[in-house]
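Data block below; observations after.
The values are calculated or read from the model by the stated rules, or taken from the named source; none is laboratory data. Remember, predicted model here, so these are calculated numbers, not experimental data. Positions of Cβ are backbone-derived with ideal geometry, glycine not excepted, and every protein chain shown enters the neighbour counts. What goes into the accessible areas is simple: the full protein's heavy atoms, side chains included, and nothing from ligands, DNA or RNA. Shrake-Rupley method; radii C 1.70, N 1.55, O 1.52, S 1.80 Å.
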Amino acid sequence: MDRYICIHAHFYQPPRENPWLETVEVQDSAYPYHDWNQRITSECYAPNAASRILDGEGQIAKITNNYAKISFNFGPTLLSWMEAQEPEVYHAILDADRLSRERFSGHGSGIAQAYNHMILPLANNHDRYTQIYWGIRDFESRFERLPEGMWLPETAVDLQSLEMMAELGIKFTILSPYQAWRFRRIGARAFRDASSGKIDPTRPYLVRLRDGRSITAFFYDGPISQAVAFERLLDSGEQFAHRLAGGFSDTRDWPQLMHIATDGESYGHHHAHGDMALAYALQYIEDKGIARLTNYGEYLEKHPPEHEVQIVENSAWSCSHGVGRWRENCGCSSGAGAGWNQEWRGPLRNALDWLRDAMMQLYEDRGSALFQDVWKARNEYVSVIVNRSADTLDLFFKTHSVRELSPDERTTALELLEIQRHAMLMYTSCGWFFDEISGIESVQVIAYAGRVIQLAQKLSTHEEGERLEAGFLERLEQAKSNLPEQNGADIYRNRVKPAVIGLQEVAAHYAISSIFETGSAKYCYTVDPSDYQRYVSGKMQLAVGRAQVCSRITQECGEFTFSVLHMGDHTLSAGVRRYAGQGTYAETVQQLHRAFSRADIPAVIRVLDSHFGGATYSLKSLFRDEQRRVLDHILESTLQEAEASLRAIYEHHAPLMRFLSDVNFPRPKPLAIAAEFVLNASLRREFRAEFLDLAEVRNLVDQAKNESVQLDSAGLSYVMERKLNGLMQQLSRRPQNLGLLRKILFLLDLLKELPFAVNLWKVENLYYHMSKTSFPELVNSGAPAEWTAVFLELGRKLRIRVEAVPSVQLAAAN
């Protein structure tokens with residue numbers, strides 16, 4: 001009988017965006033990357049789009065897009081981030097789906113996902129439907145086709161969710177074998193027990209639903225999926241292929257589908273080079289004729305279900321207690337703290353449920369005056385989320401509003417819809433998955449609640465807004481942390497409330513960052529200055545101006561006057577207020593200028609106090625990324641002074657340091673700090689230089705080794721990686737540049753001398769592409785022999801097998 005293999009990868013990251021800025025801010029724990037999305041993209045999502053297959057000599061024989069040969073889903077919120085921040089990888093994923101349609105009889109390998117990873121069996125009907133609908137529409141907008149399948153977050157399932165999916169055209173979903181209850185052949189009377197994972201995973205099963213509908217369930221192979229995730233099966237691609245082949249049985253008399261499902265991050269992030277094991281296994285399966293690779297859509301078309309199944313409702317793949325992990329202290333944990341409990345899970349969900357229900361009532365009450373059908377409008381709002389252009393917004397309001405709305409009414413309508421969006425985001429499953437409510441995932445869902453409350457307060461009376469926040473905090477207070485004297489309400493007050501911003505804070509951010517001319521990002525806001533004046537006196541600066549600030553999300557706008565007094569380094573005071581007319585603004589500018597021109601700083605501060613009600617903003621008011629850039633700018637000269645002092649100490653005592661190392665004497669901490677700072681700074685400077693001094697780099701590396709100095713391997717590797725990437729990109733644009741070729745060769749030789757590895761993934765990709773395009777063209781058009789030799793030498797250094805073109809073969813023969 002026919003044998004098929006399908007590998008499904010669920011790619012997902014929890015939303016990490018600041019709810020007020022709609023962007024992921026710097027995360028130091030992801031160093032040397034900006035944030036964890038970027039780091040995991042580098043380790044997993046990008047490598048799977050261009051994965052290496054090695055030959056018997058360890059050379060790169062082929063670079064392949066894994067996504068085109070497997071089944072996959074990406075979380076919509078992750079794809080949204082990737083589209084903006086990693087467009088090359090994003091488009092490779094879309095291209096893979098197109099390629100998979102050619103490979104698999106017109107069936108694309110991408111499937112949809114319920115929008116923001118909400119546990120659907122715990123959702124109310126409105127949220128459940130919107131999550132499924134948004135997931136489908138988001139997929140359609142990106143992949144330019146309707147999805148055949150849908151991934152349920154945590155595979156958490158109930159019949160109502162399946163009914164909604166089937167109603168919206170979804171044909172299949174993927175479940176754990178432990179989610180099957182009983183099955184029978186279609187048309188038979190008696191069911192057979194399938195509980196405790198006894199279901200045969202090698203065939204599809206029909207799930208009968210109400211109103212004559214049905215949906216197909218594929219139950220993945222549990223033991224092999226477990227081995228991929230937790231048993232280091234990805235250490236060997238050949239071993240992986242054989243383990244998959246071992247799932248077949250000669251005793252079965254039907255076309256067998258051997259399929260597994262795991263977190264996609266297994267292939268590179270959780271297991272280094274897991275993408276290469278996957279790529280090799282896929283090729284090995286095809287080359288050896290073990291089975292035919294397929295995806296669920298193709299297999300389902302060729303082999304419709306002959307059996308039907310009844311599922312275990314309210315069950316999931318990562319909780320043996322049903323869906324308890326997301327609503328109670330069920331016993332599931334990640335084992336982070338001895339003696340910890342997760343009693344906080346229930347109160348956190350109760351608090352969010354209470355807030356959600358209050359917001360649904362607010363949405364219905366206020367939205368009914370603006371929308372023809374409030375719930376249809378909410379569902380269709382996904383078109384705006386995916387594309388926030390003016391045309392999309394106009395079409396949305398033209399279709400769903402009760403009449404032509406005024407600008408203020410539009411803003412109110414968008415604020416109501418944003419309340420609903422964030423009220424769903426606050427149920428992202430990661431908020432309950434781990435052990436502690438003060439963890440970043442739980443704080444993130446509480447932050448979404450903070451954004452909901454802020455918007456609701458804007459649309460309510462002051463008293464109603466106060467009651468709403470108080471009611472939420474009263475319930476959140478019951479969510480007790482495992483850390484001393486802390487609960488959910490404390491987390492809200494101490495970590496969420498200080499992050500809340502409005503238009504005035506954006507104006508303050510713009511005003512302060514303008515002093516440092518760092519190219520301030522505007523996030524999800526536009527800032528349009530209508531006047532800006534700056535005065536300089538020595539180290540001191542005074543800026544004063546006015547600007548209109550608008551939210552790209554809600555279209556709310558406001559005009560503000562601002563002034564910033566910078567007295568050097570981090571000492572800065574700023575004032576912001578609503579624009580009160582040209583007369584008031586002109587008087588403010590005149591008074592500030594007069595006081596500043598006399599260098600009368602106390603008078604400047606008095607004017608700030610008088611016109612702005614106290615200078616309440618400082619560098620602490622900057623958003624995190626901009627604050628980091630400004631502080632780097634401020635610290636530049638300070639660090640140069642520190643480096644000069646530490647360098648003098650290090651160079652003066654270097655002989656002593658070497659002697660102490662020789663006799664195994666513990667290095668005094670001050671001297672160790674000086675050595676570590678100086679050697680790392682020197683290497684970083686060398687790596688960034690236009691022309692590297694190889695002798696100096698060797699000398700610095702030797703010094704670090706001889707003196708047992710800890711090098712910043714991650715940071716230095718990242719600097720060198722970016723340098724090589726930039727040079728290789730230049731070469732791809734100017735392939736005949738022999739000087740560039742030699743420079744890259746020189747740097748590759750240098751890497752052998754370094755005590756750490758440098759990621760050459762992008763360099764290899766670019767060279768591989770050139771070997772298939774530029775190289776044959778240039779050789780056949782008469783490229784100089786010297787260039788050809790150097791290009792081939794670069795391939796050898798990168799361990800990439802280059803298939804020689806005829807003229808090169810002829811030259812080699814001679």
What GluC sites (Glu not before Pro) does the range 650-701 have in DSSP loop regions with at most 16 other beta carbons within 10 Å?
Glu690
What does the range 212-306 give for Rg and for Dmax, in Å, if only its C-alpha atoms count?
14.3, 47
Any idea what % of Cα-Cα pairs in the chain are farther than 48 Å?
32
What do you get when you divide the Cα radius of gyration of the range 422-517 by 2.2 N^0.38 Å, with N the number of residues?
1.23
Quick one: which residues, 5+ away or cross-chain, put their amide H under 5 Å from the amide H of Met540? H built at 1.01 Å from N.
none
Pull out the extension gain between Asp253 and Arg208, defined as 0.36 nm times the separation in residues minus the alpha carbon to alpha carbon distance; nm, one decimal.
13.7 nm
For the range 650-710 versus the range 422-498, the gap between their alpha-carbon centres in whole angstrom
48
Quick one: which residues, 5 or more positions from Ala180 or on another chain, have an amide H under 5 Å from its amide H? H modelled 1.01 Å from N in the peptide plane, none for Pro or chain starts.
Gly197, Val312
Using alpha carbon centers only, the range 302-365 is separated from the range 390-414 by a whole-angstrom value of 35
Using alpha carbon positions and the Kirkwood radius, the Rg to Rh ratio of the range 1-136 is 1.03
I need the fraction of alpha carbon pairs in the range 304-361 separated by more than 18 Å, rounded to a whole percent.
55
In a solvent-free Debye calculation with one equal scatterer on each Cα, what is log10 I(q)/I(0) for the range 570-624 at q = 0.14, 0.24, 0.30 Å⁻¹, listed in the order of the q values?
-0.40, -0.99, -1.21
Percent of Cα pairs exceeding the 17 Å cut-off, where the set is the range 639-692:
41
Kindly write out, for the range 165-172 in residue order, the coupling ³J(HN,Hα) from the Karplus curve 6.51 cos²θ - 1.76 cosθ + 1.60 (θ = phi - 60°), rounded to whole Hz, with x marking Gly and Pro.
4, 5, 4, 8, x, 6, 8, 8
Can you give me the C-alpha center-to-center distance between the range 140-158 and the range 187-218, rounded to a whole angstrom?
20
Could you tell me what percent of the DSSP beta bridges with both partners in the chain are antiparallel, to the nearest 5?
65
DSSP loop (so not H, G, I, E, B), at most 14 other Cβ within 10 Å: list which GluC sites (Glu not before Pro) in the range 400-451 pass both filters.
Glu404
Given the candidates Asn48, Met360, Leu168, the one whose Cα lies deepest towards the positive end of the charge dipole of the chain, counting +1 at each Lys or Arg C-beta and -1 at each Asp or Glu C-beta, is Asn48
Interchain or long-range residues, amide H under 5 Å from Trp151's placed H
Ala112, Gln113, Ala114
Sorted largest first, extent of the range 124-266 alpha carbons per principal axis (Å):
45, 42, 26
Compute the relative contact order of the range 17-89 as a whole-number percentage, counting only Cα pairs closer than 8 Å that sit 6 or more residues apart in sequence.
17
Just the number: Rg to Rh for the range 336-406, Cα atoms, Kirkwood Rh, two decimals.
1.24
Per-residue ³J(HN,Hα) for the range 739-749, Karplus 6.51 cos²θ - 1.76 cosθ + 1.60, θ = phi - 60°, Hz, x for Gly and Pro
x, 4, 4, 5, 5, 5, 4, 4, 5, 5, 5
Working out 0.36 nm times the residue gap between Asn737 and Phe665, then minus their Cα-Cα distance, what length gain in nm do you get to one decimal?
20.8 nm
Which percent of the accessible heavy-atom area of the chain goes to carbon and sulfur, probe 1.4 angstrom?
48
Give the residue from Gln113, Leu78, Thr23 lying farthest towards the positive end of the charge dipole for the range 1-124; charges sit on Cβ (+1 for Lys and Arg, -1 for Asp and Glu) and the dipole is referred to the Cα centre.
Gln113
What FRET efficiency comes out for the pair Asp702/His633, r = Cβ-Cβ distance, R0 = 30 Å, nearest 0.05?
0.35
Geometric extent, Cα atoms of the range 400-443 - Rg, Dmax (angstrom):
16.4, 49
Given the alpha-carbon gyration tensor of the range 285-433, what are the semi-axes of its equivalent ellipsoid in whole angstrom, ordered largest first, with each equal to the square root of 5 times an eigenvalue?
39, 29, 15
Express the C-alpha Rg of the range 670-810 as a ratio against the empirical globular expectation 2.2 N^0.38 Å, rounded to two decimals.
1.22
